[in-house]
Amino acid sequence: DTMINQIAAGEVIERPASVVKELVENALDAGAGRIEVATAGGGLNLIRVIDDGSGIAEDELPLAVARHCTSKLSNDIHDIRSLGFRGEALPSIGAVARLVIRSRVRGAGSGSEIRVDGGSLSGPQPAPANPGTMVEVRDLFFATPARLKFMKGERAETSAVADTVKRIAVAFPQVRFTLTGGERTRLDLPAEAQGPDGMLGRLARVLGSEFAENALAVEAEREGVGLSARISIPSFTRANALHQYAYVNGRPVRDRQVAAAIRAAYADVLPRDRHAVAALFLTLDPALVDVNVHPAKADVRFRDPGLVRGLIIGAIRQSLAEAGI
Ligand code: ADP
Ligand code: MG
């Protein structure tokens, strides 16, 4: 079983940033209003995520770390509204690291914890805990040294963690996020108000106030696919595409087709070595998009890729044209 979990971990958990993504998504699924992420050694020594969400009851802690146990699966695999749905993350992490989950259900008098160390389980047992959940991951990949060799070094892993937190944070402006651990990657994102102002406030903190103040608004809809975006004017661009954030139904995605559409939209106004800054939100019927392609890569498969591409290019070009660009 540990072997199966280690193999699964190879799929879900590529690097510290993948652990952070899974733990933060779990916190959001638990309805957290505040999420604290701390790392040490690029996340290879320590990753700790604390939330003030629903918590996990003592008798459910063993289920949380059991393979394919999820409290979130709906009947229809295409109708995935919560972020997690596979029940793979925690058992996978427990197979390749030292995992501690300490939790207290909101309103409960006391808390409990469970430990999984390279696959072997101890607990649950009573433990002092604040309401919500703390998940601590130490010595990531100690149980799979071959994987450890692929890590890129502390700086690179730390900035991948920060990038992951920022991408998620933009999708949840009402949630307070903090990130500590790397010198240049500290984040403190206060909870923003609901609505467009809150979204702009969060974008200003994550992508910079200069971007938020000068960005052009894009709003469009075509055949049931909605697009809402903020895009940079051509004088505000970057040397790489790292500052393009894309979301499908509120889920951060890294998708080549979306990136290619943004590039095509700017083709006439930007040199090839410059990249727009953009935050782009697509909304569509969950049955028309598959976010299930790979557990970690955040690829998406649109039922009608041409429609989405045309929508993005058309809407961005229109906004640029209206701004006289
Ligand atoms: P999934 O998110 O796909 O369900 P995970 O392995 O990530 O699978 O988590 C397993 C289960 O543990 C979740 O379904 C949820 O019930 C519980 N859980 C995990 N993290 C938290 C958390 N931070 N707060 C409350 N419950 C959690
Ligand atoms: Mg999960």
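The values are calculated or read from the model by the stated rules, or taken from the named source; none is laboratory data. What you see is a predicted model; the values in this text were computed from it and never measured. In this analysis, Cβ positions are derived from the backbone assuming ideal geometry, glycine residues included, and neighbour counts consider all displayed protein chains.
Some points to look at:
- Inclusion of R86 among residues that are at pLDDT below 90, within 15 Å of ligand 2 (Cβ to nearest atom) and surrounded by fewer than 17 Cβ atoms within 10 Å (Cβ to Cβ) is not warranted.
- For segment 97-111, the tally of residues that are farther than 15 Å from G53 by Cα, more than 16 Å from ligand 2 (Cβ to nearest atom) and surrounded by 19 or more Cβ atoms within 10 Å (Cβ to Cβ) stands at 1.
- Summed over segment 172-186, residues that are at negative phi and modelled with pLDDT under 95 total 5.
- R205 vs. criteria over 15 Å from the mean Cα position of the chain (by Cα), outside the structural domain of G42 (by TED's automatic domain parsing), surrounded by 21 or more Cβ atoms within 10 Å (Cβ to Cβ) and basic (K, R): no
- Restricting attention to segment 40-52, the residues that are within 7 Å of ligand 1 (Cβ to nearest atom) and surrounded by fewer than 21 Cβ atoms within 10 Å (Cβ to Cβ) add up to 0.
Quick grid of which residues meet (1) assigned by TED's automatic domain parsing to the domain that holds D163; (2) polar (S, T, N, Q); (3) part of a strand (DSSP E or B):
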residue: V258; (1), (2), (3): no, no, no
residue: A265; (1), (2), (3): no, no, no
residue: L270; (1), (2), (3): no, no, no
residue: L282; (1), (2), (3): no, no, yes
residue: A287; (1), (2), (3): no, no, no
residue: G306; (1), (2), (3): no, no, no
residue: R309; (1), (2), (3): no, no, no
residue: G314; (1), (2), (3): no, no, no
residue: Q318; (1), (2), (3): no, yes, no
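- Here L121 passes the criteria (1) of a type in the set (A, V, I, L, M); (2) surrounded by fewer than 21 Cβ atoms within 10 Å (Cβ to Cβ); (3) within 12 Å of A38 (Cβ to Cβ); (4) touching a Pro at 6+ places or on another chain (Cβ under 9 Å) except the one numbered (3).
- Pick from segment 130-153, criterion on the phi > 0 side of the Ramachandran plot and modelled with pLDDT of 95 or more, ranking: surrounded by the fewest Cβ atoms within 10 Å (Cβ to Cβ): D139
- Comparison of A215, A156, A162, A171 shows that the only residue that is crowded, with 20+ Cβ neighbours inside 10 Å and either among the charged types (D, E, K, R) or assigned by TED's automatic domain parsing to the domain that holds K21 (or both) is A162.
- So P196, is it modelled with pLDDT under 95 and within 27 Å of L320 (Cβ to Cβ): yes
- Entry remark, segment 40-71: residues being within 13 Å of ligand 2 (Cβ to nearest atom) and in contact with a strand residue (DSSP E or B) (Cβ under 7 Å, 6 or more places away or on another chain) number 6 in total.
- Only residues that are within 24 Å of the chain's Cα centre (by Cα) and of a type in the set (D, E) were counted across segment 98-138, and they come to 1.
- Considering the conditions (1) under 16 Å from A17 (Cβ atoms); (2) touching a residue at least 40 places away in the same chain (Cβ under 8 Å), A162 is excluded by exactly one of them, (2).
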